[in-house]
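The values are calculated or read from the model by the stated rules, or taken from the named source; none is laboratory data. A quick note: this is a predicted structure, and the numbers were derived from the prediction, not measured. Neighbour counts run over all protein chains shown; Cβ positions are idealised from the backbone, glycine included. Quick note on the areas: whole protein, heavy atoms, side chains included, nothing else; ligands and nucleic acids left out. Shrake-Rupley method; radii C 1.70, N 1.55, O 1.52, S 1.80 Å.
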Amino acid sequence: MQLPQEFTERMKHFLGEEYEAFLRSYDREQAQALRVNTLKITSEAFEERNPFSLRRVPWTQNGFYYQAKDRPGKHPYHEAGLYYIQEPSAMAVGELAMARPGERVLDLCAAPGGKTTHLAADMKGRGLLVSNEIHPARAKILAQNVERMGIVNAVVTNEAPEKLAKRFPDFFDRIVVDAPCSGEGMFRKEPQAAEQWSLDNVRMCAERQTDILNAAASMLRPGGTLIYSTCTFAPEENEGSISSFLRAHPDFCIKEQEAYKGFLPGHPEWAGGLPETSHTFRLWPHQLEGEGHYAAVLEKRGEASQLLKEKASVKMPVVDRTVLKLYEQFVKENLTEAPEGVPVLFGEQLYLLPCPMDLKGLKVLRAGLHVGTIKKNRLEPAHALALALRPEGVKRCFCLNSEEKTAEAYLKGEALPNEGDNGWTLVLVDGHPLGWGKQTGQILKNHYPKGLRWM
(Lines give C-alpha, C1' and ligand atoms only; values in the text may rest on other atoms or scores of the structure.)
Protein backbone atom coordinates (compact mmCIF):
# COMPACT_ATOMS: atom_id res chain seq x y z
CA MET A 1 0.00 0.00 0.00
CA GLN A 2 1.04 3.62 -0.52
CA LEU A 3 2.16 5.27 2.71
CA PRO A 4 2.69 9.03 3.17
CA GLN A 5 6.35 9.88 2.58
CA GLU A 6 6.62 12.08 5.66
CA PHE A 7 5.19 9.24 7.75
CA THR A 8 7.68 6.68 6.43
CA GLU A 9 10.60 9.05 7.03
CA ARG A 10 9.51 9.51 10.63
CA MET A 11 9.11 5.80 11.21
CA LYS A 12 12.53 5.06 9.68
CA HIS A 13 14.04 7.57 12.09
CA PHE A 14 12.22 6.04 15.09
CA LEU A 15 12.73 2.37 14.28
CA GLY A 16 16.18 2.30 12.75
CA GLU A 17 17.16 -1.26 11.81
CA GLU A 18 13.63 -2.49 12.63
CA TYR A 19 12.13 -0.26 9.94
CA GLU A 20 12.34 -2.80 7.08
CA ALA A 21 10.51 -5.44 9.13
CA PHE A 22 7.90 -2.82 10.04
CA LEU A 23 7.46 -1.91 6.37
CA ARG A 24 7.07 -5.56 5.33
CA SER A 25 4.21 -5.96 7.81
CA TYR A 26 2.03 -3.89 5.45
CA ASP A 27 2.31 -6.64 2.83
CA ARG A 28 0.74 -9.22 5.14
CA GLU A 29 -2.99 -9.74 5.44
CA GLN A 30 -4.44 -8.12 8.52
CA ALA A 31 -5.27 -10.39 11.43
CA GLN A 32 -8.97 -10.86 12.16
CA ALA A 33 -10.32 -11.85 15.54
CA LEU A 34 -13.36 -12.15 17.76
CA ARG A 35 -13.74 -11.96 21.51
CA VAL A 36 -16.14 -14.35 23.23
CA ASN A 37 -18.87 -12.64 25.25
CA THR A 38 -18.59 -14.34 28.64
CA LEU A 39 -21.85 -12.74 29.75
CA LYS A 40 -23.47 -15.41 27.57
CA ILE A 41 -21.01 -18.30 27.18
CA THR A 42 -17.60 -19.39 28.44
CA SER A 43 -14.65 -19.51 26.05
CA GLU A 44 -14.36 -23.25 26.65
CA ALA A 45 -18.00 -23.89 25.74
CA PHE A 46 -17.70 -21.66 22.68
CA GLU A 47 -14.58 -23.50 21.49
CA GLU A 48 -16.43 -26.81 21.74
CA ARG A 49 -19.38 -25.79 19.58
CA ASN A 50 -18.14 -22.97 17.31
CA PRO A 51 -18.15 -23.60 13.53
CA PHE A 52 -14.99 -21.56 12.82
CA SER A 53 -11.23 -22.20 12.56
CA LEU A 54 -9.97 -20.50 15.73
CA ARG A 55 -6.59 -19.79 17.32
CA ARG A 56 -6.18 -18.00 20.63
CA VAL A 57 -5.00 -14.38 20.82
CA PRO A 58 -2.14 -14.68 23.34
CA TRP A 59 -2.73 -11.47 25.31
CA THR A 60 -6.43 -11.88 26.05
CA GLN A 61 -8.23 -14.72 27.76
CA ASN A 62 -11.27 -14.78 25.48
CA GLY A 63 -9.91 -13.62 22.12
CA PHE A 64 -9.53 -15.84 19.04
CA TYR A 65 -8.14 -15.32 15.55
CA TYR A 66 -10.39 -16.55 12.76
CA GLN A 67 -9.93 -17.04 9.02
CA ALA A 68 -11.54 -14.80 6.40
CA LYS A 69 -13.57 -17.73 5.05
CA ASP A 70 -15.28 -18.14 8.44
CA ARG A 71 -17.37 -14.95 8.11
CA PRO A 72 -18.51 -14.88 11.76
CA GLY A 73 -20.51 -11.70 11.17
CA LYS A 74 -22.91 -13.76 9.02
CA HIS A 75 -23.64 -16.42 11.62
CA PRO A 76 -26.67 -16.54 13.99
CA TYR A 77 -24.24 -16.63 16.93
CA HIS A 78 -23.25 -13.05 16.06
CA GLU A 79 -26.86 -11.89 16.29
CA ALA A 80 -27.20 -13.73 19.60
CA GLY A 81 -24.24 -11.72 20.95
CA LEU A 82 -21.98 -14.69 21.65
CA TYR A 83 -18.96 -12.71 20.47
CA TYR A 84 -17.74 -9.30 19.38
CA ILE A 85 -15.61 -8.98 16.23
CA GLN A 86 -12.61 -6.89 17.25
CA GLU A 87 -9.12 -6.10 15.99
CA PRO A 88 -6.81 -8.26 18.14
CA SER A 89 -4.43 -5.51 19.31
CA ALA A 90 -7.40 -3.45 20.48
CA MET A 91 -8.33 -6.28 22.86
CA ALA A 92 -5.26 -5.36 24.92
CA VAL A 93 -7.00 -2.29 26.36
CA GLY A 94 -9.78 -4.28 28.03
CA GLU A 95 -7.24 -6.71 29.44
CA LEU A 96 -5.14 -3.90 30.92
CA ALA A 97 -8.25 -2.21 32.36
CA MET A 98 -9.11 -5.20 34.59
CA ALA A 99 -12.63 -3.97 35.40
CA ARG A 100 -14.28 -5.71 38.35
CA PRO A 101 -17.87 -6.52 39.33
CA GLY A 102 -19.52 -3.81 41.41
CA GLU A 103 -17.29 -0.94 40.26
CA ARG A 104 -18.26 2.35 38.68
CA VAL A 105 -16.58 2.33 35.26
CA LEU A 106 -16.53 4.93 32.47
CA ASP A 107 -15.65 4.28 28.84
CA LEU A 108 -15.27 7.88 27.73
CA CYS A 109 -14.75 7.48 23.94
CA ALA A 110 -16.63 4.24 23.56
CA ALA A 111 -17.89 3.74 19.97
CA PRO A 112 -18.26 1.33 18.35
CA GLY A 113 -18.18 -0.70 21.57
CA GLY A 114 -15.19 -3.06 21.63
CA LYS A 115 -13.82 -1.77 24.92
CA THR A 116 -17.26 -1.29 26.47
CA THR A 117 -18.30 -4.88 25.77
CA HIS A 118 -14.97 -6.14 27.17
CA LEU A 119 -15.41 -4.08 30.35
CA ALA A 120 -19.02 -5.26 30.71
CA ALA A 121 -18.01 -8.92 30.45
CA ASP A 122 -15.41 -8.47 33.19
CA MET A 123 -17.98 -6.68 35.38
CA LYS A 124 -20.35 -9.68 35.08
CA GLY A 125 -23.45 -7.48 35.05
CA ARG A 126 -22.71 -5.90 38.43
CA GLY A 127 -21.87 -2.26 39.06
CA LEU A 128 -22.33 0.74 36.78
CA LEU A 129 -20.82 1.12 33.31
CA VAL A 130 -21.22 4.51 31.63
CA SER A 131 -20.37 4.29 27.91
CA ASN A 132 -20.05 7.66 26.22
CA GLU A 133 -19.58 8.72 22.61
CA ILE A 134 -19.59 12.36 21.49
CA HIS A 135 -20.61 11.68 17.85
CA PRO A 136 -24.38 10.93 17.59
CA ALA A 137 -24.21 8.42 14.71
CA ARG A 138 -21.41 6.46 16.36
CA ALA A 139 -23.24 6.60 19.70
CA LYS A 140 -26.20 4.80 18.07
CA ILE A 141 -23.89 2.01 16.87
CA LEU A 142 -22.47 1.79 20.39
CA ALA A 143 -25.97 1.43 21.84
CA GLN A 144 -26.81 -1.32 19.33
CA ASN A 145 -23.71 -3.30 20.31
CA VAL A 146 -24.50 -2.91 24.01
CA GLU A 147 -27.95 -4.33 23.26
CA ARG A 148 -26.68 -7.25 21.15
CA MET A 149 -24.22 -8.33 23.83
CA GLY A 150 -26.96 -8.50 26.49
CA ILE A 151 -25.39 -5.88 28.78
CA VAL A 152 -27.76 -4.90 31.59
CA ASN A 153 -25.69 -2.40 33.61
CA ALA A 154 -24.61 0.09 30.92
CA VAL A 155 -25.83 3.67 30.52
CA VAL A 156 -25.01 4.94 27.01
CA THR A 157 -24.58 8.71 26.70
CA ASN A 158 -23.86 11.09 23.82
CA GLU A 159 -22.02 13.94 25.51
CA ALA A 160 -18.83 15.98 25.44
CA PRO A 161 -16.34 14.80 28.09
CA GLU A 162 -16.36 18.24 29.70
CA LYS A 163 -20.11 18.04 30.35
CA LEU A 164 -19.81 14.62 31.95
CA ALA A 165 -16.97 15.94 34.10
CA LYS A 166 -19.28 18.55 35.63
CA ARG A 167 -21.86 15.87 36.45
CA PHE A 168 -19.54 13.15 37.82
CA PRO A 169 -16.65 14.67 39.83
CA ASP A 170 -14.47 12.06 41.63
CA PHE A 171 -17.11 9.45 40.75
CA PHE A 172 -15.58 6.54 38.84
CA ASP A 173 -13.32 3.74 40.06
CA ARG A 174 -11.97 3.08 36.58
CA ILE A 175 -11.94 5.11 33.35
CA VAL A 176 -10.94 4.02 29.85
CA VAL A 177 -9.92 6.72 27.35
CA ASP A 178 -9.46 5.16 23.91
CA ALA A 179 -8.66 8.57 22.48
CA PRO A 180 -9.43 9.84 18.98
CA CYS A 181 -6.09 9.82 17.18
CA SER A 182 -4.33 10.06 13.82
CA GLY A 183 -4.88 6.33 13.27
CA GLU A 184 -1.39 5.44 12.05
CA GLY A 185 -1.74 1.95 13.47
CA MET A 186 -4.82 1.32 11.32
CA PHE A 187 -3.35 2.19 7.89
CA ARG A 188 -3.42 -1.48 6.83
CA LYS A 189 -7.00 -1.93 8.02
CA GLU A 190 -8.29 1.50 6.92
CA PRO A 191 -6.32 2.86 3.91
CA GLN A 192 -8.31 6.11 4.00
CA ALA A 193 -6.59 6.95 7.29
CA ALA A 194 -3.27 7.00 5.42
CA GLU A 195 -4.74 9.32 2.79
CA GLN A 196 -5.87 11.78 5.47
CA TRP A 197 -2.64 11.68 7.51
CA SER A 198 -0.60 14.82 8.17
CA LEU A 199 1.66 16.13 10.90
CA ASP A 200 -0.85 18.95 11.47
CA ASN A 201 -3.48 16.31 12.23
CA VAL A 202 -1.10 14.55 14.63
CA ARG A 203 -0.63 17.81 16.55
CA MET A 204 -4.37 18.54 16.53
CA CYS A 205 -5.11 15.08 17.89
CA ALA A 206 -2.55 15.54 20.68
CA GLU A 207 -4.22 18.79 21.73
CA ARG A 208 -7.66 17.15 21.75
CA GLN A 209 -6.32 14.25 23.79
CA THR A 210 -5.11 16.70 26.43
CA ASP A 211 -8.63 18.08 26.86
CA ILE A 212 -10.16 14.60 27.05
CA LEU A 213 -7.60 13.43 29.62
CA ASN A 214 -8.17 16.51 31.77
CA ALA A 215 -11.90 15.77 31.84
CA ALA A 216 -11.25 12.13 32.70
CA ALA A 217 -8.89 13.10 35.54
CA SER A 218 -11.59 15.09 37.30
CA MET A 219 -14.06 12.18 37.12
CA LEU A 220 -11.71 9.58 38.61
CA ARG A 221 -11.83 9.03 42.35
CA PRO A 222 -8.59 9.01 44.38
CA GLY A 223 -7.09 5.55 44.17
CA GLY A 224 -8.80 4.92 40.84
CA THR A 225 -7.28 3.69 37.57
CA LEU A 226 -7.17 5.47 34.21
CA ILE A 227 -6.34 3.52 31.03
CA TYR A 228 -5.28 5.60 28.03
CA SER A 229 -4.92 4.11 24.56
CA THR A 230 -4.54 5.08 20.91
CA CYS A 231 -4.20 3.23 17.61
CA THR A 232 -1.31 5.39 16.41
CA PHE A 233 2.49 5.24 16.44
CA ALA A 234 2.88 9.03 16.76
CA PRO A 235 4.88 9.72 19.96
CA GLU A 236 3.24 13.16 20.26
CA GLU A 237 -0.07 11.38 20.89
CA ASN A 238 1.37 8.62 23.06
CA GLU A 239 4.36 9.21 25.34
CA GLY A 240 4.01 12.93 24.63
CA SER A 241 0.35 13.13 25.67
CA ILE A 242 0.97 11.04 28.80
CA SER A 243 4.03 13.11 29.79
CA SER A 244 2.12 16.37 29.38
CA PHE A 245 -0.74 14.95 31.43
CA LEU A 246 1.54 13.79 34.26
CA ARG A 247 3.28 17.17 34.41
CA ALA A 248 -0.11 18.89 34.72
CA HIS A 249 -1.49 16.32 37.19
CA PRO A 250 1.09 15.44 39.84
CA ASP A 251 -1.56 13.41 41.68
CA PHE A 252 -1.29 10.80 38.90
CA CYS A 253 1.45 8.24 38.27
CA ILE A 254 2.06 5.42 35.82
CA LYS A 255 0.95 2.10 37.21
CA GLU A 256 3.47 -0.57 36.29
CA GLN A 257 1.92 -3.78 35.01
CA GLU A 258 3.48 -6.91 33.61
CA ALA A 259 3.64 -6.88 29.83
CA TYR A 260 1.75 -9.46 27.81
CA LYS A 261 3.46 -11.47 25.10
CA GLY A 262 4.46 -9.17 22.23
CA PHE A 263 4.01 -5.90 24.15
CA LEU A 264 7.06 -3.62 24.02
CA PRO A 265 7.90 -0.60 26.22
CA GLY A 266 7.21 3.02 25.41
CA HIS A 267 9.89 5.37 24.03
CA PRO A 268 10.07 8.59 26.05
CA GLU A 269 13.08 9.75 23.98
CA TRP A 270 10.90 10.02 20.87
CA ALA A 271 8.76 12.79 22.34
CA GLY A 272 10.87 14.47 25.02
CA GLY A 273 8.74 12.48 27.43
CA LEU A 274 9.14 11.57 31.07
CA PRO A 275 11.37 8.54 31.72
CA GLU A 276 8.51 6.68 33.41
CA THR A 277 6.63 6.49 30.10
CA SER A 278 8.94 3.59 29.29
CA HIS A 279 6.50 1.63 31.49
CA THR A 280 3.71 2.18 28.95
CA PHE A 281 3.00 -0.32 26.17
CA ARG A 282 3.51 -0.33 22.41
CA LEU A 283 2.09 -3.00 20.13
CA TRP A 284 3.83 -3.24 16.75
CA PRO A 285 2.49 -5.04 13.64
CA HIS A 286 5.93 -6.50 12.90
CA GLN A 287 6.26 -7.88 16.44
CA LEU A 288 2.85 -9.51 16.91
CA GLU A 289 -0.23 -10.61 14.99
CA GLY A 290 -2.25 -7.42 15.12
CA GLU A 291 -2.26 -3.73 14.22
CA GLY A 292 -0.42 -0.85 15.91
CA HIS A 293 -1.57 0.23 19.35
CA TYR A 294 -0.41 2.14 22.43
CA ALA A 295 -1.62 1.89 26.03
CA ALA A 296 -0.79 3.41 29.40
CA VAL A 297 -2.20 2.54 32.81
CA LEU A 298 -2.31 5.44 35.29
CA GLU A 299 -3.31 5.65 38.93
CA LYS A 300 -4.70 8.62 40.85
CA ARG A 301 -2.95 8.88 44.18
CA GLY A 302 -4.89 8.90 47.42
CA GLU A 303 -7.78 6.95 48.86
CA ALA A 304 -11.47 7.42 48.25
CA SER A 305 -13.29 9.00 51.16
CA GLN A 306 -16.03 7.02 52.85
CA LEU A 307 -18.54 9.38 51.26
CA LEU A 308 -17.28 8.47 47.80
CA LYS A 309 -17.23 4.77 48.57
CA GLU A 310 -20.87 4.82 49.63
CA LYS A 311 -23.62 5.07 47.08
CA ALA A 312 -24.86 8.64 47.00
CA SER A 313 -28.54 9.16 47.66
CA VAL A 314 -30.11 10.25 44.37
CA LYS A 315 -33.70 11.36 44.08
CA MET A 316 -35.21 9.44 41.16
CA PRO A 317 -38.36 10.44 39.23
CA VAL A 318 -41.27 8.27 40.35
CA VAL A 319 -42.59 5.91 37.67
CA ASP A 320 -46.37 6.04 37.40
CA ARG A 321 -48.05 3.18 39.24
CA THR A 322 -50.04 2.28 36.12
CA VAL A 323 -46.78 1.75 34.22
CA LEU A 324 -45.38 -0.40 37.01
CA LYS A 325 -48.55 -2.53 36.99
CA LEU A 326 -48.16 -3.15 33.24
CA TYR A 327 -44.54 -4.18 33.83
CA GLU A 328 -45.48 -6.43 36.75
CA GLN A 329 -48.23 -8.00 34.65
CA PHE A 330 -45.75 -8.73 31.84
CA VAL A 331 -43.33 -10.32 34.29
CA LYS A 332 -46.06 -12.44 35.85
CA GLU A 333 -47.32 -13.70 32.48
CA ASN A 334 -44.00 -14.25 30.71
CA LEU A 335 -41.00 -14.45 33.05
CA THR A 336 -40.04 -16.65 35.98
CA GLU A 337 -38.31 -13.75 37.75
CA ALA A 338 -38.07 -9.99 37.35
CA PRO A 339 -34.74 -8.49 36.20
CA GLU A 340 -32.97 -6.29 38.76
CA GLY A 341 -32.80 -2.52 38.41
CA VAL A 342 -34.45 0.82 39.13
CA PRO A 343 -37.44 1.47 36.81
CA VAL A 344 -37.22 4.74 34.89
CA LEU A 345 -39.39 5.97 32.04
CA PHE A 346 -38.11 7.90 28.99
CA GLY A 347 -41.22 8.86 27.06
CA GLU A 348 -42.90 5.50 26.38
CA GLN A 349 -39.69 3.51 26.93
CA LEU A 350 -39.20 1.68 30.20
CA TYR A 351 -35.66 1.00 31.40
CA LEU A 352 -34.07 -0.57 34.46
CA LEU A 353 -31.16 1.51 35.71
CA PRO A 354 -28.39 -0.50 37.40
CA CYS A 355 -28.43 1.98 40.32
CA PRO A 356 -30.07 5.29 41.24
CA MET A 357 -28.40 8.12 39.31
CA ASP A 358 -29.24 11.59 38.04
CA LEU A 359 -29.44 11.63 34.24
CA LYS A 360 -31.44 14.85 33.93
CA GLY A 361 -30.00 17.14 31.26
CA LEU A 362 -27.82 14.45 29.66
CA LYS A 363 -28.27 12.97 26.20
CA VAL A 364 -29.01 9.36 27.07
CA LEU A 365 -29.43 6.69 24.41
CA ARG A 366 -29.75 3.73 26.77
CA ALA A 367 -30.47 3.99 30.49
CA GLY A 368 -29.52 0.50 31.59
CA LEU A 369 -31.64 -2.42 30.40
CA HIS A 370 -34.35 -1.50 27.90
CA VAL A 371 -37.39 -3.44 29.11
CA GLY A 372 -39.97 -2.38 26.56
CA THR A 373 -42.48 0.11 25.21
CA ILE A 374 -45.55 1.13 27.18
CA LYS A 375 -48.62 0.84 24.97
CA LYS A 376 -52.21 1.76 25.90
CA ASN A 377 -52.86 -1.25 28.12
CA ARG A 378 -49.74 -3.41 27.88
CA LEU A 379 -45.98 -3.55 27.79
CA GLU A 380 -44.38 -4.69 24.54
CA PRO A 381 -40.98 -6.19 25.38
CA ALA A 382 -37.79 -4.76 23.87
CA HIS A 383 -35.32 -6.75 21.81
CA ALA A 384 -32.71 -5.79 24.41
CA LEU A 385 -34.66 -7.61 27.10
CA ALA A 386 -34.72 -10.80 25.03
CA LEU A 387 -30.95 -10.72 24.55
CA ALA A 388 -30.34 -10.10 28.25
CA LEU A 389 -32.50 -12.99 29.49
CA ARG A 390 -31.62 -16.64 30.06
CA PRO A 391 -33.82 -19.54 28.92
CA GLU A 392 -34.64 -20.46 32.51
CA GLY A 393 -35.85 -16.89 33.10
CA VAL A 394 -38.85 -17.18 30.76
CA LYS A 395 -42.00 -19.30 30.67
CA ARG A 396 -41.99 -20.05 26.93
CA CYS A 397 -39.08 -20.81 24.60
CA PHE A 398 -38.81 -21.75 20.94
CA CYS A 399 -35.54 -23.51 20.07
CA LEU A 400 -33.75 -23.15 16.73
CA ASN A 401 -30.72 -25.00 15.40
CA SER A 402 -28.01 -22.78 13.91
CA GLU A 403 -27.34 -25.36 11.19
CA GLU A 404 -30.94 -25.45 9.97
CA LYS A 405 -32.83 -23.07 7.69
CA THR A 406 -35.34 -22.14 10.41
CA ALA A 407 -32.72 -19.96 12.16
CA GLU A 408 -32.11 -18.05 8.95
CA ALA A 409 -35.86 -17.77 8.35
CA TYR A 410 -36.35 -16.23 11.78
CA LEU A 411 -33.53 -13.72 11.21
CA LYS A 412 -35.20 -12.75 7.92
CA GLY A 413 -38.41 -11.94 9.79
CA GLU A 414 -40.51 -14.94 8.77
CA ALA A 415 -43.28 -16.37 10.95
CA LEU A 416 -42.72 -19.98 11.98
CA PRO A 417 -45.14 -22.86 12.57
CA ASN A 418 -45.15 -23.93 16.21
CA GLU A 419 -47.28 -25.78 18.74
CA GLY A 420 -47.32 -24.04 22.11
CA ASP A 421 -49.09 -21.83 24.60
CA ASN A 422 -50.06 -18.37 23.40
CA GLY A 423 -47.93 -15.43 24.53
CA TRP A 424 -44.50 -13.86 24.28
CA THR A 425 -41.92 -16.53 23.51
CA LEU A 426 -38.13 -16.28 23.73
CA VAL A 427 -36.55 -17.55 20.51
CA LEU A 428 -33.27 -19.39 21.09
CA VAL A 429 -30.50 -20.51 18.75
CA ASP A 430 -28.62 -23.51 20.15
CA GLY A 431 -29.84 -22.49 23.61
CA HIS A 432 -28.98 -18.77 23.39
CA PRO A 433 -31.55 -15.93 23.14
CA LEU A 434 -31.97 -14.45 19.68
CA GLY A 435 -35.15 -12.38 20.01
CA TRP A 436 -38.89 -12.46 20.63
CA GLY A 437 -41.72 -14.25 18.94
CA LYS A 438 -45.39 -14.19 19.92
CA GLN A 439 -47.29 -17.45 19.84
CA THR A 440 -50.77 -17.09 18.35
CA GLY A 441 -52.59 -20.34 17.65
CA GLN A 442 -50.21 -22.57 15.70
CA ILE A 443 -47.99 -19.75 14.45
CA LEU A 444 -45.07 -18.02 16.12
CA LYS A 445 -45.29 -14.42 14.90
CA ASN A 446 -41.88 -12.88 14.28
CA HIS A 447 -40.83 -9.89 16.40
CA TYR A 448 -37.18 -9.74 15.33
CA PRO A 449 -36.49 -6.00 14.75
CA LYS A 450 -36.98 -4.98 11.13
CA GLY A 451 -33.76 -2.95 11.09
CA LEU A 452 -31.73 -6.03 12.02
CA ARG A 453 -33.29 -8.57 9.69
CA TRP A 454 -31.12 -10.48 7.24
CA MET A 455 -31.67 -9.77 3.59
(request) For the stretch 151-295, give the share of DSSP beta bridges that are antiparallel, in percent and rounded to the nearest 5; count only bridges with both residues there. (result) 55 percent
(message) For a quick check of your reading of the filter: which trypsin sites (Lys or Arg not before Pro) in the stretch 324-383 sit in a DSSP loop and have no more than 10 other Cβ atoms within 10 Å?
(response) Lys360, Lys375, Lys376
(message) For the pairs Lys163/Lys325; Lys405/Lys445; Lys69/Lys140; Lys115/Lys375; Lys12/Lys189, flag any whose C-alpha to C-alpha distance is greater than 25 Å.
(response) Lys163/Lys325; Lys69/Lys140; Lys115/Lys375
(message) Within the stretch 1-86, what whole-number % of the accessible surface is contributed by carbon and sulfur, with the 1.4 Å probe and all protein chains included in the calculation?
(response) 43 percent
(request) Pull up the cross-link candidates among the aspartates and glutamates for Lys438, meaning alpha carbon to alpha carbon under 18 Å and not fewer than 8 places away within one chain. (result) Glu333, Glu380, Glu392, Glu408, Glu414, Glu419, Asp421
(message) Taking the Cα centroid of the stretch 220-268 and of the stretch 342-406, what is the distance between the two, rounded to the nearest whole Å?
(response) 38 Å
(request) With a cut-off of at most 14 other beta carbons within 10 Å, and DSSP calling the residue loop, which GluC sites (Glu not before Pro) in the stretch 196-278 qualify? Please list them. (result) Glu256, Glu258
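Kirkwood hydrodynamic radius for the stretch 247-394: how many Å is it when counted over pairs of different Cα atoms?
After inverting the mean inverse Cα-Cα distance, the result is 20.1 Å.
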(message) Checking the cross-link filter: which lysines have an alpha carbon closer than 23 Å to that of Lys166, excluding same-chain neighbours under 8 positions apart?
(response) Lys300, Lys309, Lys311, Lys315, Lys360, Lys363
(request) Would you work out what percent of the accessible area of the stretch 337-420, with all protein chains in place, is carbon or sulfur (probe 1.4 Å)? (result) 46 percent
(request) Using the Cα centre as the reference, give the magnitude of the dipole from point charges on the C-beta atoms of the stretch 228-355 (Lys, Arg: +1; Asp, Glu: -1; all else neutral), rounded to the nearest 20 debye. (result) 440 debye
(request) Starting from the amide H of Leu400, placed 1.01 Å from N in the peptide plane, find each other amide H under 5 Å away whose residue is 5 or more places distant or on another chain. (result) Leu428, Val429, Asp430, Gly431
(request) Divide, for the stretch 1-42, the radius of gyration over alpha carbons by 2.2 N^0.38 Å, where N is the residue count. (result) 1.85
(message) On a straight-distance basis, which aspartates and glutamates could pair with Lys376 in a cross-link, Cα separation under 13 angstrom, same-chain partners fewer than 8 positions away excluded?
(response) Glu348
(message) If I model a spin label as a point 7 Å beyond the Cα along the Cα-Cβ vector, how far apart are those points for Ile85 and Lys255 in nm?
(response) 3.3 nm
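Could you list the chymotrypsin sites (Phe, Trp or Tyr not before Pro) in the stretch 365-455 that lie in coil according to DSSP, counting only those with at most 14 other Cβ atoms within 10 Å of their Cβ?
Listed in order of number, the matching sites are Trp454.
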(message) I want the antiparallel fraction of DSSP beta bridges within the chain, as a percent rounded to 5.
(response) 70 percent
(message) How high is the relative contact order of the stretch 206-292? Use alpha-carbon pairs under 8 Å, at least six apart in sequence, and give a whole percent.
(response) 26 percent
(message) Explain nothing, just the number: dipole magnitude of the stretch 105-264 about its Cα centre with +1 on each Lys and Arg Cβ and -1 on each Asp and Glu Cβ, in debye rounded to the nearest 20.
(response) 540 debye
(request) Would you mind classifying the chain by shape? Square roots of the alpha carbon gyration tensor eigenvalues, ordered a ≥ b ≥ c; an a/c under 1.5 is rounded, otherwise it is prolate if a/b is larger than b/c and oblate if not. (result) oblate
(message) For the chain, what does the accessible surface come to per residue with a 1.4 Å probe? Please give it in Å².
(response) 45 Å²
